[in-house]
Every structure is written in structure tokens, then in C-alpha cells.
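Written out below as C-alpha cells is the structure these notes cover.
Just so you know, all these numbers are worked out from the coordinates, no wet-lab data involved. Predicted model only: the values in this text are computed from it and were never measured. Cβ placement follows ideal geometry from the backbone for every residue including glycine, while neighbour counts extend to all protein chains displayed.
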Amino acid sequence: MDTIILGIESSCDDTSAAVVRDRELLSNVIAGQDVHRQYGGVVPELASRAHQQNIVPVVDRALKEAGIEKEDICAVAFTRGPGLLGSLLVGTSFAKGFSAALRIPMIEVNHLQAHILVHFILSEHSADQLPRFPFICLLVSGGHTQLVLVNNHHQMEILGRSIDDAAGEAFDKCGKILGLPYPGGPHVDRLASEGDPFRFTFNKPRLEGFDYSFSGLKTSFLYFIRDRLKEDPAFIEQNRTDLAASLQQTIVDILMNKLRRASKKTGIRQIALAGGVSANSGLRSAIRKEAGKHGWEVHIPPIGFTTDNAAMIAITGYYRYLKGEFASEDISPVARMYF
Ligand code: KG4
Ligand code: ZN
């Protein structure tokens with residue numbers, strides 16, 4: 001019999017619901033929240049309020065687009081963490097109500113594991129090749145930067161992580177310094193395509209092992225621009241594309257350096273990308289270039305599956321469902337969650 005899972009994602013500022021039938025994606029509805037744009041970042045209180053408004057219509061649409069009835073669903077999977085507590089509470093409470101009303105199990109999902117398992121979704125955009133275990137995943141999002149050794153759908157180990165800011169934060173905070181709207185990542189990416197990536201150089205961290213650090217880069221970028229603005233108030237305006245390209249090049253270099261070392265040390269050449277920053281065109285082309293040099297088989301998610309979505313929650317729920325890993329009805333969300 002087919003396994004139909006409803007996935008719910010509400011960890012940050014996207015309310016999303018998706019339906020999978022086994023690995024096949026039947027629908028994936030995402031409602032973003034423009035309300036944060038004017039504040040230059042996500043305002044937690046406004047995010048949870050918007051989730052409350054969006055969750056019912058988003059789930060409704062996901063079921064309609066999937067062409068299924070509520071009664072067809074075998075289990076409801078939801079993001080338990082990590083994320084903003086108030087936002088997570090909306091998805092968790094909805095999942096509880098849904099599971100109680102339909103008498104179906106609930107499945108808790110770790111948002112970060114879900115970003116990685118996005119590679120196993122079967123959709124019109126999926127690649128022919130699935131990653132083979134074990135593989136290394138560079139998980140780069142707005143809140144996390146991690147190198148993860150993925151042993152199977154359930155067991156993952158963190159080889160390295162950022163000790164301060166995430167790569168997405170570096171894009172967003174430096175984007176803000178350049179006067180770009182929030183989130184800055186996609187804007188930096190777009191400007192970078194017209195700029196010279198080697199025009200300016202910024203500090204790169206010197207960290208042992210596989211850990212990352214991005215707060216130094218942000219400070220170096222800020223001081224550099226502050227000093228140049230003193231001499232020339234139009235410095236940003238006149239150099240925006242080169243600044244964006246050089247910043248992106250630095251972030252990509254930092255990310256690739258540790259990935260290369262992790263692959264060398266472990267001997268693993270199955271390499272995957274995941275998370276919002278994996279939409280970055282500089283990172284996508286850098287990893288493809290490295291693949292040729294080192295004999296890597298790389299797995300890059302379709303753009304639509306890079307940022308937050310419930311399709312990744314539903315597919316993770318599917319694998320947990322097969323193992324019979326269900327949540328108890330008194331489960332609560334957690335802001336910090338580890339593998
Ligand atoms: O995974 P995600 O949707 O949310 C979290 O779980 O954090 O990632 C959002 C992050 C933001 O920092 C955003 O600026 C970044 O992904 N991002 C990008 C691009 N698209 C999204 N960063 C660089 N280039 C992009 N094209
Ligand atoms: Zn995410």
C-alpha cells in the first residue's frame with residue numbers, strides 16, 4: 001500500500017505544507033512572509049502570527065493540489081526544531097490537532113536533517129542519481145553551516161560546524177551593509193554575476209579541523225567599507241557589483257576549503273549541497289568545478305528545494321514512518337536540536 005505523508009514546516013518565516021506518496025512529491029505549498037522585509041530581519045513575534053494566519057489555508061491547498069482527501073494520509077510530519085520557538089509551536093500544535101482528529105501518528109522532524117534528505121524527493125526536477133551512502137553534505141542555511149557525514153537516512157554525524165555566524169548570515173549581514181534588502185543572499189548573488197570576484201580581498205579565518213567561522217569576515221567587510229566611505233561617499237554605489245562578487249568569492253572559498261579537506265580525510269567522494277545558501281550560483285559552480293578535479297559525484301538540489309519547504313519535512317517523515325518512529329502526543333518543539 002502507498003504511504004502518504006503530510007509534511008508541515010514552520011521553523012522560521014515560511015509556512016509550508018507538502019504531501020508525498022512514498023518518495024513522490026504530490027504538492028509543496030509555501031507561503032512567505034513579506035512583513036519582515038521592512039525590519040531587515042525576521043521578527044519572531046510577527047513570524048508566529050503570520051504562521052497562525054497561513055497554516056490552515058496552506059495545508060488546504062497542499063491537499064487539493066495533491067488530489068487527496070485527509071483520510072488518505074498515513075501520518076503527519078512536522079518540524080520540531082531547530083528554529084524560532086513561537087513559529088515552531090504553530091506547526092507543532094497544528095500537527096497535534098490534525099493527528100488527534102484523524103487518529104493518525106505524528107512524526108517529529110529535525111529541520112537540518114530534512115534539508116539534507118531533500119535529495120531523496122522524487123519530482124519532475126529531481127536528478128537521475130541519488131546520493132550513495134555514506135556521503136558528505138555541506139549544509140549551508142541562514143542559521144546553520146555544517147559539514148555532515150550522512151551514513152544513512154537516519155544516522156548523520158557533524159564533522160564541522162560554524163563556531164559563530166552561518167554562511168547565510170554572512171551573506172545577509174554584508175548585504176545589509178551594501179544597502180540590499182533582507183535577505184541579502186539572493187541579491188548579492190545577482191549582483192555578483194556582473195562583478196569582478198578578485199577585485200577586493202577580505203579576511204579568511206584560520207581554524208583547525210572542519211569548523212567554520214564567518215564573523216571575522218563580516219567585521220572585515222564592515223571596516224573595509226567604512227574606511228573607503230570616509231574617502232569616497234559614493235564608494236558602495238560605484239563598486240556594488242565588485243563588492244558583491246568579491247564577498248561571494250570569499251564565502252565560497254571558505255566553504256569549499258573545508259569541504260575539500262573533509263573529502264580528502266574521509267576518502268568520501270559522494271558530495272551533496274543543501275540549505276538556502278546552496279541556491280548560490282557561485283557555490284553551485286565552484287562545487288561542479290571541484291567535482292571534475294577530484295572525481296567527486298556531486299548532488300545539488302533543485303533551486304526550489306534549497307530554501308525552507310515542507311517537501312523536505314514530508315520525505316524525512318516518510319523514512320521515519322517506515323521505521324515506525326512516531327512522536328508522543330505531549331511532544332513540544334525545541335529551539336535548539338541536534339542530530
Ligand atoms: O535554509 P533557509 O531557507 O533557511 C534557514 O533554515 O536558515 O536559508 C535561508 C538563507 C538566507 O540567509 C538567504 O540569504 C540564503 O539562504 N540564500 C542565499 C541565496 N538564496 C538564499 N544566499 C546566497 N545566494 C543565494 N542565491
Ligand atoms: Zn532551513
Could you compute the longest span of the chain free of GluC sites (Glu not before Pro) located in DSSP loops and having at most 15 other Cβ atoms within 10 Å, not counting the site residues?
209-324
With each run of n ≥ 4 DSSP H residues scored as -39500 (n - 2.57), what mean residue ellipticity at 222 nm is computed for the chain after dividing by its residue count and rounding to the nearest 500 deg cm²/dmol?
-14000 deg cm²/dmol
Sorting ILE4, VAL334, PRO205 by the position of each Cα along the dipole of the chain (Lys, Arg +1; Asp, Glu -1; all at Cβ), the one nearest the positive end of that ordering is PRO205
Is there a quick way to get the dipole size of region 60-139? I mean about its Cα centre, with the Cβ of Lys and Arg at +1 and of Asp and Glu at -1; what is the value in debye to the nearest 20?
300 debye
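If you take every DSSP beta bridge whose two residues both sit in the chain, what share of them, in percent to the nearest 5, is antiparallel? All intermediate terms of the calculation are to be shown ahead of the outcome.
Values: 25 of 43 bridges.
Just about 60 percent of them are antiparallel.
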Taking the Cα centroid of region 1-18 and of region 126-164, what is the distance between the two, rounded to the nearest whole Å?
21 Å
Mind checking which of PHE235, LEU139, TRP296 is farthest towards the positive end of region 135-300's charge dipole, using Cβ charges of +1 (Lys, Arg) and -1 (Asp, Glu) about the Cα centre?
TRP296
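Within 10 Å of each residue's Cβ, count the other Cβ atoms and sort PHE224, PHE339 from fewest upward.
Final ranking by Cβ density, sparse to dense: PHE339, PHE224.
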Among VAL150, ALA18, GLN33, whose Cα lies farthest out toward the positive end of the dipole of the chain, if unit charges sit on the beta carbon of Lys, Arg (+1) and Asp, Glu (-1)?
VAL150
Taking the Cα centre of the chain as origin and charging only Cβ (+1 Lys, Arg; -1 Asp, Glu), how large is the dipole, in debye to the nearest 20?
980 debye
Looking only at aspartates and glutamates whose Cα falls under 14 Å of LYS289's and that sit 8 or more positions away or on another chain, we get ASP253, GLU297
Residue-by-residue Karplus 3J(HN,Hα) for region 136-141, coefficients 6.51, -1.76, 1.60, Hz, glycine and proline x:
9, 10, 8, 9, 10, 10
Kindly flag which residue pairs out of LYS176/LYS264; LYS70/LYS323; LYS176/LYS258 have an alpha-carbon separation exceeding 24 Å in this structure.
LYS176/LYS264; LYS176/LYS258
Yeah, region 1-77 with a ≥ b ≥ c from its alpha-carbon gyration tensor (a/c under 1.5 is rounded, else prolate when a/b outruns b/c, oblate otherwise) is prolate
Note, ³J(HN,Hα) from phi for region 92-105, Karplus 6.51, -1.76, 1.60, rounded to Hz, x at Gly and Pro
5, 5, 4, 4, 4, x, 5, 5, 5, 5, 9, 6, 10, x
For region 135-300, the dipole about the Cα centre with charges only on Cβ (Lys and Arg +1, Asp and Glu -1), to the nearest 20 debye, works out at 440 debye
Could you put HIS115, HIS294, HIS36 in order, starting from the residue whose Cβ has the fewest other Cβ atoms within 10 Å?
HIS294, HIS36, HIS115
